[in-house]
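Below you'll find the structure, written out as structure tokens, and then a few comments.
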Amino acid sequence: MYSKINTCILQGLNGHLIEVETDLSRGMPVFNIVGLPDASIKESKERVRTAIKNSGYDFPLSRITVNLAPANIRKEGSQLDLAIALGILQAMGIVADFNYRNIAFIGELSLDGRLNPVEGVLPIVISLRNFGIKRCVVPYENRDEAAVIEDIEVIPVKSLKQVINYLNGEEEIVPYKSPISFSQEDEIQYDIDFSDIMGQETLRRALEVAAAGSHNILIIGPPGAGKTMAAQRLPTILPSLSFEEAIEVTKIYSISGLLTSKTLIKNRPFRAPHHTASAISLIGGGRIPRPGEVSLAHHGVLFLDEILEFKRDVLEVLRQPIEDEVVTISRVNATITYPSKFMLVASMNPCPCVSNPLDYPSHEIPSRAKSTIPA
Ligand SMILES: Nc1ncnc2c1ncn2[C@@H]1O[C@H](COP(=O)(O)OP(=O)(O)OP(=O)(O)O)[C@@H](O)[C@H]1O
Ligand SMILES: [Mg+2]
């Protein structure tokens, strides 16, 4: 009455292979999950119990102990539901024995036994492949994201019942191959274009130089000069992402739950946080650290419009990610590093004393500013 099932959890962008061990024994009917589960995993007890019942099986009236090994890593995320449910079903003898070393299961259960999509499937599948897993069962709606990685079989499933039938050999599921393949020849589509900028030769030249060398750039000009408009068009002249870069960007968007495209992200990200943004939203954080704007802009552009409106402490935290191109966030639970290699584009209005110096006799303009700002 013992079973083992493989699954995976994420810490930042790194996956950890987790063995879900289940034991059913005689005694008072209780359902315990041990191995440092957090609240979202403790809640999975109710989802697992109800999903098993609603898939047409009796939930065992025994003492159920589930151990998430290795027990020293804190686990979070609802993607462990499917592995926990299968562990119980296998210990009950409903699911036939299989070689658990080659296959891993990812998915969140809904109460009627269907599988809901989860966040972070791409980094999970990449980690599983690196751990030598040959086949991965994922929720149907995550199939395109998972199939980006070609050297692992992706089995898309819609419900717990379907997984049971598949493991018992009653239903054949063909490994999913994505119909859309990543090719650099594909034209990237933008709704806007750099050629929309009329005149402004100096600004255009400066943006082209910045784009060519991936330099940071500060645009200073009077209101309505087209600063915001020009900065938004900068990504359209940047080179397209390489396959490796696209994987890195897509992983970050995948764990943030912001993935909208079916396959890899090909456009360079353009992030323009509002000037009321907090330091945490910029560099990332939270109880379970999430990527911030600097990581969401990885391999793309971080645009700080009206940079002087940002709080000083918020601008200060940008110093380290810009220099190191990675940002490390430490929490009690874990220390997580996210990449943050981006082009910083900032805009600001010149001080009003530039155009009307007589109204601001107390303002002293540095000679450098005088030479760069047109009067
Ligand atoms: N060189 C230009 N070519 C085409 N349109 C322009 C140009 N300059 C400004 N515009 C248009 O003028 C409007 C205002 O531009 P934008 O908002 O970019 O100005 P801004 O410099 O950011 O001003 P503010 O300092 O008030 O934020 C936009 O709708 C933009 O389309
Ligand atoms: Mg503007």
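Using θ = phi - 60° and the Karplus relation 6.51 cos²θ - 1.76 cosθ + 1.60, list the HN-Hα couplings for the range 152-164 in order, rounded to whole Hz, with x at every Gly or Pro.
9, 6, 9, 10, x, 10, 9, 8, 4, 4, 5, 5, 4
With a 1.4 Å probe and all protein chains kept in place, how do Arg271, Arg205, Arg135, Arg114 rank by accessible area, largest first? Don't skip to the end; give the middle numbers.
Details: Arg271 55, Arg205 150, Arg135 85, Arg114 125 Å².
Highest to lowest solvent-accessible surface, that is Arg205, Arg114, Arg135, Arg271.
By how many nm would the segment from Leu111 to Asn72 grow when fully extended, if each residue of separation counts as 0.36 nm and the alpha-carbon distance is taken off? Show your work: numbers first, answer last.
On the way: separation 39, 0.36 × 39 = 14.04 nm, distance 2.97 nm.
Here the segment from Leu111 to Asn72 would lengthen by 11.1 nm.
Apply the Karplus parameterisation 6.51 cos²θ - 1.76 cosθ + 1.60, with θ equal to phi minus 60°, to every residue of the range 287-304 and state each ³J(HN,Hα) to the nearest whole Hz, in sequence, with x for glycine and proline.
For the range 287-304, the Karplus curve yields 4, 9, x, 10, x, x, 4, 5, 7, 5, 8, 3, 6, x, 10, 10, 10, 9 Hz.
Rank Ala69, Leu344, Thr236 by how far each Cα sits towards the positive end of the charge dipole of the chain (+1 on Lys, Arg Cβ; -1 on Asp, Glu Cβ) and give me just the farthest.
Ala69
With every protein chain kept in the model, how would you rank Lys4, Lys177, Lys262 by accessible area, 1.4 Å probe, largest at the top?
Numbers: Lys4 55, Lys177 140, Lys262 120 Å².
Accessible-area ranking of Lys4, Lys177, Lys262, largest first: Lys177, Lys262, Lys4.
Quick query: amide H of Val327 versus all other amide H atoms, modeled in the peptide plane; which residues come in under 5 Å with a sequence gap of 5 or more or a different chain?
Tyr338, Ser340
Any idea what the dipole of the chain comes to, in debye rounded to 20, about its Cα centre with Lys/Arg Cβ at +1 and Asp/Glu Cβ at -1? Can you show the working numbers first?
Details: 37 positive and 44 negative charges, 182 e Å.
In total the dipole reaches around 880 debye.
Under a cut-off of 22 Å between alpha-carbon atoms, report the lysines in cross-link reach of Lys177, not counting same-chain residues fewer than 8 places apart.
Within the straight-line limit of under 22 Å, Lys177 reaches these lysines: Lys134, Lys158, Lys251, Lys262, Lys266.
Got a sec to turn the phi values of the range 34-39 into Karplus ³J(HN,Hα) couplings, 6.51 cos²θ - 1.76 cosθ + 1.60 with θ = phi - 60°, whole Hz, x for Gly and Pro?
Computed from phi, the couplings for the range 34-39 are 10, x, 6, x, 9, 4 Hz.
His215 accessible area, nearest 10 Å², 1.4 Å probe?
So the heavy atoms of His215 present about 90 Å² to solvent.
In whole Å, what are the extents of the range 194-368 along the principal axes defined by its C-alpha atoms, from largest to smallest?
Taking the Cα atoms of the range 194-368, the three principal extents are 57, 39, 24 Å.
Assuming 1.567 mPa s and 4 °C, estimate D for the chain with Stokes-Einstein, Rh taken as the Kirkwood radius over Cα pairs, in µm²/s. Write out the running numbers ahead of the final one.
Numbers: Rh = 23.4 Å.
Here the translational diffusion coefficient equals 55 µm²/s.
Report relative contact order for the range 2-167 in percent, whole number only (criteria: Cα-Cα under 8 Å, sequence separation at least 6). Working shown, then result.
On the way: 373 pairs, mean separation 41.8, N = 166.
Reported as a whole number, the value is 25 percent.
Amide H of Gly284 versus every other amide H placed in the peptide plane: which residues, excluding those fewer than 5 positions away on the same chain, fall under 5 Å?
When sequence neighbours closer than 5 places are left aside, the close amide H contacts are Gly292, Glu293.
Mind listing the long-range amide H neighbours of Ile188? Cut-off is under 5 Å, sequence gap 5 or more, other chains count too, H placed in the peptide plane at 1.01 Å from N.
Under 5 Å from the amide H of Ile188: no residue qualifies.
Largest first, how would Glu172, Glu201, Glu153 line up by accessible area (1.4 Å probe)?
Glu172, Glu201, Glu153
May I ask you to list the GluC sites (Glu not before Pro) in the range 257-309 that are in a DSSP loop and have at most 15 other Cβ atoms within 10 Å of their Cβ? Don't skip to the answer; put the middle values down first.
On the way: sites: Glu293, Glu306, Glu309; in loops: Glu306.
Loop-located and lightly packed - Glu306.
Using the crude model of +1 on Lys and Arg Cβ and -1 on Asp and Glu Cβ, and no other charge, please compute the dipole size for the range 211-364 relative to its Cα centre, in debye to 20.
Numbers: 14 positive and 14 negative charges, 131 e Å.
So the magnitude is around 620 debye.
Once you sort the root eigenvalues of the Cα gyration tensor of the range 2-167 as a ≥ b ≥ c, which label holds: rounded (a/c under 1.5), prolate (a/b larger than b/c) or oblate (the other case)? Numbers along the way, then the final one.
Details: a/c = 1.63, a/b = 1.36, b/c = 1.20.
Taking the square roots of the gyration eigenvalues as a ≥ b ≥ c, the range 2-167 is prolate.
What's the magnitude of the charge dipole for the range 1-103 around its Cα centre, counting Lys and Arg as +1 and Asp and Glu as -1 at the beta-carbon? Answer in Debye, nearest 20.
Working: 11 positive and 10 negative charges, 26 e Å.
The dipole of the range 1-103 has a size of about 120 debye.
Rounded to a whole number, what % of the accessible area of the range 194-368 do carbon and sulfur atoms account for, probe 1.4 Å? Walk me through the numbers before you get to the answer.
Numbers: 4870 of 9020 Å².
Roughly 54 percent, rounded to a whole number.
At 1.4 Å probe radius, can you tell me the per residue accessible area of the range 20-170 in Å²? Please list the in-between numbers first.
Numbers: 6260 Å² over 151 residues.
Dividing the accessible area of the range 20-170 by its residue count gives 41 Å².
Lys and Arg at +1, Asp and Glu at -1: add these up for the other residues within a Cβ distance under 14 Å of Ile88 and post the number. It would help to have the intermediate numbers written out before the result.
Values: positive: Lys4, Lys45, Arg47, Arg49, Lys53, Arg63; negative: Glu21, Asp23, Glu46, Asp58, Asp81.
Around Ile88, the charge tally is +1.
Over what distance in Å are the Cα centres of the range 206-262 and the range 46-76 separated?
About 44 Å separates the Cα centre of the range 206-262 from the one of the range 46-76.
If you count only protein heavy atoms and use a 1.4 Å probe, how large is the accessible surface of Asp324, to the nearest 10 Å²?
Rounded to the nearest 10, the figure is 80 Å².
What is the distance in Å between the Cα centres of the range 303-318 and the range 104-183?
The two parts, judged by their Cα centres, are 41 Å apart.
Counting only heavy atoms of protein chains, what accessible area per residue, in Å², does the range 199-249 have with a probe of 1.4 Å? Display every interim value, and only then the final one.
On the way: 2610 Å² over 51 residues.
Heavy-atom accessible area per residue stands at 51 Å².
The values are calculated or read from the model by the stated rules, or taken from the named source; none is laboratory data. Since the structure is predicted, the reported quantities are computational estimates derived from the model, not experimental observations. Using ideal geometry, Cβ is built from the backbone for each residue, glycine included, and neighbour counts are taken over all protein chains shown. These area figures cover heavy atoms from the full protein model, side chains too; ligands, DNA and RNA do not enter into them. Shrake-Rupley method; radii C 1.70, N 1.55, O 1.52, S 1.80 Å.
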